[in-house]
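The values are calculated or read from the model by the stated rules, or taken from the named source; none is laboratory data. As the structure is a prediction and not an experimental result, all values here were calculated from the model. Neighbour counts are summed over all protein chains in view; Cβ atoms, including those assigned to glycine, are modelled from backbone coordinates with ideal geometry. Accessible surface is based on the protein model in full, side chains and every heavy atom, while ligands, DNA and RNA are left aside. Shrake-Rupley method; radii C 1.70, N 1.55, O 1.52, S 1.80 Å.
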Amino acid sequence: MYPYTIIIRFLTQLQIAEQVNEMEFGMILILFVASIPTILAEDISYGTIVVDGTTSIAQTDDNFVCATIDWWPHDKCDYKQCPWHYTSAITLDLSHPILTKAIQAFNRLRIRIGGSLQDQVLYNVGNLKSPCHPFRKMKHGLFGFSKGCLQMKRWDELNHFFNATSVMLTFGLNALYGRHKIKGSLWGGEWDSSNAQDFIKYSISKGYQIDSWEYGNELSGNGVGAHVHADRYGKDLIHLKKIIKELYRGSQFEPSLVAPGGFFNQQWFTKLLQVSGSNVLDAISHHIYNLGAGSDPKLVSKILDPNHLNKVANTFINLARTVQTHGPWSSAWVGESGGAYNSGGPHVSDTFVNSFWYLDQLGMASKYQTKVYCRQTLIGGNYGLLNATTYVPNPDYYSALLWHRLMGKVVLAVGSDASPFLRSYAHCSKGRIGVTLLVINLSDQTKFITDVQNSMNNNIRLATEQQNISRKSFSRSLKNTASGAEIKASSDEYSYREEYHLTPKNGYLQTRTMVLNGIPLELTSTGNIPRLDPIRVNVKSPISITPLSIAFLVFPDFAAPACR
C-alpha cells in the first residue's frame, strides 16, 4: 500500500482525536501504529470483469433457493455431539416467532422435507399394515434407528404452518416400504405403494398444496445405507406417476415428480431415465457434500481453496449432459447439499466462512442448468440456516436471502482477468431491470479493485463450461473490446450501482455474525429480520473487494438484451 494512503488514514484518526481526550488520543495513536504492518502487508490487484448480457447461458427456477427440514431425532449424534435438538419435521416448534419471520422474509421459500430416515417413515393413515411408533435408536436399524411415524395431526399442523408462511413444498416419499434387504446394502422386492397412495389421497382431501413429490433418498448407485437397482427404481417411478395423475385428475394443479435424491452416478442415472421414459420424471435430483466429513480439520482451508471448489463442476457438467442426452423432458435439482456431511462441521458450517462455499455453489450450480438448490438444512445439525436451539439466523441465512432477493433466474456468462481467488457470477436482476453480479474474494491478503464491463459484441468470448478461462487470452480479448460496450447510464436516476458487502464481525472468519456494509446483521429488538440495505455508489467508480469478503453488486442500467 502506498505511503500516502497510510497518511490519509492517520489524518482521519487525527480528526477523530480532536474530539477525544489525551488518553483516548494516545490509544488511537498506539492502535494505528500497530496496524501499519497489516496495512503494508495487504496486496492490491487490479482487473476487469466482463459480463455478456446478450444471451442467457442457463435458467434457474423462480424459486431456486430451497432449504430442507429433516427427520433426524434429537438423539442423532456425530463426533460425540448431538446438534439436531428438536428440529425434525415431527418435533420442530412451528409456533416459534423467529421461524415464521425467517421463512416469511423470503416471500415464498421452497422447502423440501426429506433426509436419511425418509425411507423409514410410515404415514399413519388408511390401511397401514405396520405399527406406527416414533423413531427410536435401534442397533441394527437403517442408520441406527427404527421406522418412524408421521401422524396425520402433525401433517395437518405442518401444512397449516406452510400455508401461513407461503412455503412451496417438496415432500420425500418412502421408497423402501414393502421391500427387504437382499445382500449387503441392496434392497429388493416390490415397492408397496399403498401407504404413499393413502397419504397422497389424504393430502388432496385436505386441500394441501404440494408442489412436488420426491421418491426416495440416497438409494442411487451404491446408496448410503441402502440402494435399489436403477431398472427397478425406474419402474417404480412409472407406477408413482400413474398414481399421481389418477389422484389429481380434475385438479387445477398436478404436483411434479422428483427423484432419486441421491449421489450422482452417471450409469445409474442414465438407466433410470431410460427405464422411466419420457415425461415421467419432471426433475432429477442429486445430493452434494463436496467438503467431506464434518470432522475434517481442513474444512476451512477447503472452503477457501478455489481448486477444491472447482472440482464439483464436473458433477454439474456430467449431470447436465446426462439429462440433455437421456431425459431432456426433465430438469436438474440439487435436492440436498450441506457442504460437509454427518451433520456439518461444528463451528464452521454455522459461521461466516461457510458462505464462501455456499454462495459459490449457488453460482456454479445455476450456471450449469440447475433449476433448484436445496440447502441442508433450514434448521437442524451444524449446517442449519437457523440456529437449532435459538432459531436465530446463522450467516448463511442472510446469504440465501440476498441471493433470493437479488439474483434473477436468467444466468449470464462472466469472464475475468483477475486471480482465481476472485470468483464472479452474474444473473439478470430479480424483479427489476439490470444485472446483479456476485463477487467472492477467497484471498486473505489481496484486495481486488475491478471495473465491470459489458460485452455487447463477439470480440470477447466468455467461457460457459469452464470455471476459469485463460487470463492471458482474456486480457488480449479485452483490449479489442469496443469502448461503446461499457455500462452506460442513460439518466441521473441510474448513474449508480447498489453494493452489498458481506464481511465477518471483527474480521473473525468463524463468527456467527455477518456484517453488511459495516452493520452487523442481528434480529431487531422485536425479533424481526433486519433490513438488508445496500450502499449506492457512482457506477463509474472502481469496485473494491476486500480480502475474505463477498459482495452483491446491482447495476440497474446494465444493457442486457437477455434480461428483457
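At a glance:
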| quantity | calculated |
| --- | --- |
| Qualifying residue in the range 208-221 (condition: in a helix (DSSP H, G or I) and either in contact with a Cys (Cβ under 8 Å, 6 or more places away or on another chain) or surrounded by 15 or more Cβ atoms within 10 Å (Cβ to Cβ) (or both)) | no |
| Count of residues meeting criterion [assigned to a loop (DSSP other than H, G, I, E, B) and under 22 Å from the mean Cα position of the chain (by Cα)] in the range 96-105 | 1 |
| Among the residues listed as Asn506, Asn480, the single one being of a type in the set (S, T, N, Q) and modelled with pLDDT of 95 or more | Asn506 |
| Gly250 being open to solvent by 30 Å² or more (accessible area, probe 1.4 Å) and in a loop (DSSP other than H, G, I, E, B) | yes |
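The rows are residues; the columns are (1) crowded, with 24+ Cβ neighbours inside 10 Å; (2) in contact with a Phe, Trp or Tyr (Cβ under 7 Å, 6 or more places away or on another chain).
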position	(1), (2)
Thr315	no, yes
Thr325	no, no
Ser330	yes, no
Val348	yes, no
